[in-house]
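**Student:** Let me begin by handing over the structure; questions about it come next.
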Amino acid sequence: MSDNANTAVLDKEDLRETVAEVLDVDEAKLTDEAHFVNDLGVDSLMALEVMVVLEKKYGVKLGESELKEVTSLQKAHDLLDAKLKAL
Amino acid sequence: MAVLDAGPVRAVPEIASGPGEPPRTVVQVDADERVFPGHYPGFPIFPGVCVVEQVRRSALATVPAEAGKVIVRAVESTRFLSPVFPGDRLTVELKWSPRNGAWRCEAVASTERGRAATVRLRLVAAAEEPGPAAGPAAGDAPRPGEGVGALTIGEIKKVLPHRYPMLLVDRVDELVPAERLTAVKAVTCNEPWYQDLAEEAGDEEHAYPQALLVESWCQAAGVLAAWDRPNPDVLSGQVMLFGSISDVVLARPVLPGEVLEHRVRLVRALSDTVIFEGESLSAGEIVMEVGRVVMAMRPAGELTGALPGAPAAVAAGAH
């Protein structure tokens, strides 16, 4: 399914809110550079959850190797930005 | 003991916090709870959805005065962190906050060994019942004829370790490996959850326990996850554990006599982790939407080793 008609545009604060909801952390703690694993205690299940939520929300497909690159909100933002520009 | 709500567990959480303190409840997990013989035979584990049920009851016992009468509309997130066993004492700490015209209740349920689950509920004014009808199911109706076919109850029992009264899938109508599944669950007032209901209980009180609706759907997902590597024994091999359940919207109560159709779709599979989504329908109308369920296959030793007093060798050696 690649229904791009009603997917969201990339906005960092909206992204922060979305990721914070999935990870169950305060938006204030989810700074741009906070490390998902080291600072926020994200495990592999949660990382996979973030991935499927972002894929659905932004209508992109993320690979397993890309999942490993996404270690902070800033990196998630940069990856999505690149993906959306390439569409 | 006559109770007013049908539910999978008998024990009722008691408020343990004083006035002005953040709400906190405690409840004993009695070994004679009726879920244990079937969850699982030979290795009783308090079902994750029953932890959610005790959080729900704790929430309803600590509703802020300004919220009035509320009902649970959605389980926004649930993360299962460690197993709960018979004899454990659950402590539930709750935090209420108003949010977008509804209420959010965040809870942490812990045993003596640490955190067992975190749960986030969305509650709305009871007057909104039956709530925004989700209406007829949208687009993704299963296309018949593509699957490997149906599974009978006997075949389901070869895949799932759950047994009476916790086996909550009656039949699988279609199974497309690694893609989707449609299963059927008939709700009847003969189920044990209705046993202690007070004589004066009306239809509302006969609503099928929300926790068991979720459990039933998750078991259907479990069939899709495990049908090609069936392991109806929780004491050996790879067992299926739920990591989290999120964005479950409970559209309306389900009553005895209804036949539920669970639709499960596999969203993503990565090594030993699978994510599912889907919904449950009754006569074509959506009664529950499931945003995502994360399931992981893990060595049985992770469960048996978590049992209090289990020798370390079990944790390391069983598989």
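**Student:** Going by what's in this entry, would A:LYS56 be described as at negative phi and within 13 Å of another protein chain (Cβ to nearest Cβ)? Explain how you work it out, then say what you get.
**Tutor:** On the way: at negative phi: yes; within 13 Å of another protein chain (Cβ to nearest Cβ): yes.
It is true that A:LYS56 is at negative phi and within 13 Å of another protein chain (Cβ to nearest Cβ).
**Student:** Would you check which residues across the range B:12-33 are assigned to a loop (DSSP other than H, G, I, E, B) and surrounded by 17 or more Cβ atoms within 10 Å (Cβ to Cβ) and list them? Steps first, answer last, please.
**Tutor:** Here is the first cut: in the range B:12-33, the residues assigned to a loop (DSSP other than H, G, I, E, B) are B:12-13, B:16-23, B:29-33.
Within the range B:12-33, B:PRO13, B:PRO23, B:VAL29, B:GLU33 meet the criteria.
**Student:** Might you let me know whether the range B:101-108 holds any residue that is within 22 Å of B:LEU250 (Cα to Cα) and in a loop (DSSP other than H, G, I, E, B)?
**Tutor:** In the first step, residues of the range B:101-108 are kept if they are within 22 Å of B:LEU250 (Cα to Cα); the result is B:101-108.
So of that shortlist, the ones also in a loop (DSSP other than H, G, I, E, B) come out as B:101.
Checked the range B:101-108: at least one residue is within 22 Å of B:LEU250 (Cα to Cα) and in a loop (DSSP other than H, G, I, E, B).
**Student:** Do the conditions hold for A:LEU30, that is, is it open to solvent by less than 40 Å² (accessible area, probe 1.4 Å) and either away from chain B (no Cβ under 14 Å) or among the aliphatic types (A, V, I, L, M) (or both)?
**Tutor:** On the way: open to solvent by less than 40 Å² (accessible area, probe 1.4 Å): yes; either away from chain B (no Cβ under 14 Å) or among the aliphatic types (A, V, I, L, M) (or both): yes.
When the stated conditions are applied, A:LEU30 passes them.
**Student:** Taking the stated definitions as given, is A:LEU40 within 12 Å of the chain's Cα centre (by Cα) and buried (at least 19 other Cβ atoms within 10 Å of the Cβ)? Don't jump to the end; show me each part of the working.
**Tutor:** On the way: within 12 Å of the chain's Cα centre (by Cα): no; buried (at least 19 other Cβ atoms within 10 Å of the Cβ): yes.
Considered against the rule, which asks whether it is within 12 Å of the chain's Cα centre (by Cα) and buried (at least 19 other Cβ atoms within 10 Å of the Cβ), A:LEU40 comes out as no.
**Student:** Looking only at residues that are surrounded by 19 or more Cβ atoms within 10 Å (Cβ to Cβ) and within 14 Å of another protein chain (Cβ to nearest Cβ) in the range B:61-105, which one is farthest from B:ALA125 (Cα to Cα)?
**Tutor:** Only one residue tops the list, namely B:PHE80.
**Student:** Quick check on my filter: what residues within the range B:266-300 are over 20 Å from B:GLN210 (Cβ atoms) and either free of Cβ contacts under 8 Å to residues at least 40 places away in the same chain or away from chain A (no Cβ under 14 Å) (or both)?
**Tutor:** B:VAL267, B:ARG268, B:LEU270, B:SER271, B:ASP272, B:THR273, B:ILE275, B:GLY284, B:PRO299, B:ALA300
**Student:** From the set of residues in the range B:34-48 that are among the aromatic types (Phe, Trp, Tyr) and assigned to a loop (DSSP other than H, G, I, E, B), which is surrounded by the most Cβ atoms within 10 Å (Cβ to Cβ)?
**Tutor:** Residue satisfying both the conditions and the ranking: B:TYR40.
**Student:** Further question: Working only within the range B:106-119, note down all residues that are within 18 Å of B:PRO22 (Cβ to Cβ) and either open to solvent by 20 Å² or more (accessible area, probe 1.4 Å) or hydroxyl-bearing (Ser, Thr, Tyr) (or both).
**Tutor:** B:GLU106, B:VAL108, B:SER110, B:ARG115, B:THR118, listed by residue number.
The values are calculated or read from the model by the stated rules, or taken from the named source; none is laboratory data. Please read all numbers here as calculations on a predicted model, not as lab measurements. Neighbour counts are summed over all protein chains in view; Cβ atoms, including those assigned to glycine, are modelled from backbone coordinates with ideal geometry. Side chains included, ligands, DNA and RNA excluded: accessible areas come from the protein's heavy atoms. Shrake-Rupley method; radii C 1.70, N 1.55, O 1.52, S 1.80 Å.
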